[in-house]
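K.L.:
Quick one: the structure is below, and I'll ask about it shortly.
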Amino acid sequence: MPTLTPSELEAFPALEWPDVAPRLSPTLRSSLEKVLDTQNGDALSLEESFALADADGDDLLGLLVAADLLRSELAGNLVTYVVNRNINFTNVCFVGCKFCAFSRGPRESDAYFLTFDQVAQKAVEAWQLGATEVCIQGGLPHGLPPFYYRDILRAVKNAVPRMHIHAFSPMEIVYGVELTGMPLADYLSMLRDNGLGTLPGTAAEILDDEVRHILSANKLSTAQWVEVIRTAHRCGIRTTSTMMYGHTETPAHWVRQMLLLREIQRETGGFTEFVPLGFVHQNTLLFQQGLARSGPTLAEHLKVHALARVLLAGSINNIQVSWVKLNRKLSQLCLHAGANDYGGTLMEENISREAGATAGQYTSPADFQSLILEMGRIPAERNTIYTRINLKSPLEAFTAEEALRAEFA
Ligand code: SF4
């Protein structure tokens, strides 16, 4: 099939399934129809899933349109977001991921380390500005006091008892286990008992050890990532799930990762959402050393979000756009290609900015609301685990059908 030009691709939100279905190759159409009928990505074989990941031309348009249809059936017309603040307590890190432009050596002039009081103060400010969540992650410095992560939680909870703490990547958890010598489940339970609400499923990148070795030879392995996530879920700590795309990986890696996440979700039900993270290449060694392409193309951004909606249908029904890594228009297009969540307002976002992302540090709730209304969807503020959702728009602005869909979404 001929590859689409960017303007042909960008026009896909105007298409409806009956317009595009007759133009698809028969096998791809039948795969998409199976998922549309069952609302379950499990209906597809591995080969069918790989074929979707390779879709091009009209087939790609079909994938995007089917994903949007599934989104409306599984997640309604709401676009949710959480009001939160990112707190990156230090940029000092020994891990040396080649895709990371955030980390610093301890003696670099712009290395920093926040005190517990500073972290707590940031949480207090965030609460006063209406945040319901703080997302706390940092670099991994050598010689961290063994119970450092627990003590951050205590500092924040003492200052703002009702703040939801979404904190510590699986890499930080592995480091905490190493520092304390505690068994993983005991360590996670201790963090939970000291105020950890949920865990970001970051540090996943691509869950394939060959790719991981290129990205970061010192990072935790696929098996370790899976073990931390499964154990967290078993300890009652829900997590997000992520995937970084647009560097050295192939579409087959996307499929395998989504199927792995689906398998974990079937066992534990612990994932709240899936967050595709586009690789921001500009200031990274990975790109400068010629080891990676220059980030995802428009087709890849759209395809990854749509593929996630289709393959994860019936298991992870919240697909998030990471707006800091995309621009305004692209994030809206991804929300038309299967995504239903805008992520966090992020009063501070250091990591993507250091790598060269330009989407800015903060999108106010009012900005989110107007971006969402512009798309004809309904803005809604949510809590971290999607159990509390407040519509942010007078329902009279929508037709009865749209409003009803929103209410039961
Ligand atoms: S991604 Fe995280 S672990 Fe890797 S170098 Fe950057 S701060 Fe360190």
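The values are calculated or read from the model by the stated rules, or taken from the named source; none is laboratory data. As the structure is a prediction and not an experimental result, all values here were calculated from the model. Positions of Cβ are backbone-derived with ideal geometry, glycine not excepted, and every protein chain shown enters the neighbour counts. Note: areas computed on protein heavy atoms with side chains; ligands, DNA, RNA excluded. Shrake-Rupley method; radii C 1.70, N 1.55, O 1.52, S 1.80 Å.
K.L.:
Count the net charge of all other residues whose Cβ sits under 13 Å from the Cβ of residue 278, scoring Lys and Arg as +1 and Asp and Glu as -1.
P.N.:
Working: positive: 293, 303, 325; negative: 205, 249, 300.
Around residue 278, the charge tally is 0.
K.L.:
Give me, ordered by chain and number, the residues 5 or more places off residue 240 or on other chains with an amide H under 5 Å from its own placed amide H.
P.N.:
199, 201, 272
K.L.:
A further question follows. How high is the FRET efficiency between residue 56 and residue 95 when r is their beta carbon distance and R₀ equals 56 Å, given to the nearest 0.05?
P.N.:
That pair, residue 56 with residue 95, gives E of 0.95.
K.L.:
Still on this structure: If I compute solvent accessible area with a 1.4 Å probe over the protein chains, what percent of it on the range 182-289 is carbon and sulfur? Mind dumping the intermediate values first?
P.N.:
Values: 1880 of 3790 Å².
C and S atoms contribute 50 percent here.
K.L.:
Return the sequence-ordered ³J(HN,Hα) values of the range 327-341 in whole Hz as given by the Karplus equation 6.51 cos²θ - 1.76 cosθ + 1.60 applied to θ = phi - 60°, using x for Gly and Pro.
P.N.:
Listing the rounded values in order: 8, 4, 5, 5, 5, 5, 4, 5, 6, 8, 10, x, 7, 9, 9 Hz.
K.L.:
Another question, if that's okay. Would you mind getting the accessible area per residue of the chain, heavy atoms of the protein chains only, 1.4 Å probe, in Å²?
P.N.:
39 Å²
K.L.:
Sticking with this one: Taking only DSSP H segments of four or more residues, each worth -39500 (n - 2.57), what value at 222 nm results for the chain once the sum is divided by all its residues, to the nearest 500 deg cm²/dmol? Provide the component values of the computation, followed by the final result.
P.N.:
Values: 18 runs with 182 residues, N = 409.
Taken over the chain, the calculation gives -13000 deg cm²/dmol.
K.L.:
Given points 7 Å out from each Cα along the Cα-Cβ axis, report the residue 294 to residue 267 separation in nanometres with one decimal.
P.N.:
In this crude spin-label approximation the distance works out to 4.1 nm.
K.L.:
So between residue 217 and residue 230, what do we pick up on full extension, going 0.36 nm a residue minus the alpha carbon distance?
P.N.:
Value of the extension gain: 2.4 nm.
K.L.:
A further question on this structure: Setting aside same-chain residues fewer than 8 positions from residue 122, which aspartates and glutamates have a Cα under 15 Å from its Cα?
P.N.:
Reachable aspartates and glutamates: 133, 348, 349.
K.L.:
Students often get this wrong, so check it: of 303/325; 98/325; 219/303; 219/329; 157/325; 34/303, which have C-alpha atoms separated by over 23 Å?
P.N.:
On the way: 303/325 16 Å; 98/325 17 Å; 219/303 27 Å; 219/329 33 Å; 157/325 30 Å; 34/303 18 Å.
From 303/325; 98/325; 219/303; 219/329; 157/325; 34/303, over 23 Å: 219/303; 219/329; 157/325.
K.L.:
Stretch residue 116-residue 47 to full length: gain in nm at 0.36 nm per residue minus the Cα-Cα span?
P.N.:
Difference between extended and current length: 19.8 nm.
K.L.:
At 7 Å along the Cα-to-beta-carbon direction for both residue 37 and residue 389, put a label point, then send me their distance in nm to one decimal.
P.N.:
That separation, rounded to one decimal, is 2.8 nm.
K.L.:
Sticking with this one: Whenever you get a sec, compute what percent of the accessible area on the range 60-169 sits on carbon and sulfur atoms (1.4 Å probe). The partial results should precede the final answer.
P.N.:
Values: 2120 of 4080 Å².
The value for the range 60-169 is 52 percent carbon and sulfur by accessible area.
K.L.:
Taking θ as phi - 60°, what are the ³J(HN,Hα) couplings along the range 161-173 by the Karplus curve (6.51, -1.76, 1.60), each to the nearest whole Hz, with x for Gly and Pro?
P.N.:
x, 8, 6, 7, 9, 10, 8, 6, 5, x, 5, 5, 5
K.L.:
Give, as a single signed number, the net charge of other residues whose beta carbon lies under 13 Å from the beta carbon of residue 244, with Lys and Arg counted +1 and Asp and Glu -1.
P.N.:
Its environment carries a net charge of +1.
K.L.:
Which cross-chain or sequence-distant (5 or more) residues have an amide H under 5 Å from the amide H of residue 87, H modelled 1.01 Å from N in plane?
P.N.:
Residues meeting the criterion, in which the H sits 1.01 Å from N, are 135, 136, 137.
K.L.:
Please turn the phi angles of the range 312-317 into ³J(HN,Hα) values with the Karplus equation 6.51 cos²θ - 1.76 cosθ + 1.60 (θ = phi - 60°), one per residue in order, whole Hz, x for glycine and proline.
P.N.:
Karplus values, whole Hz, x for Gly and Pro: 9, 3, x, 10, 10, 9.
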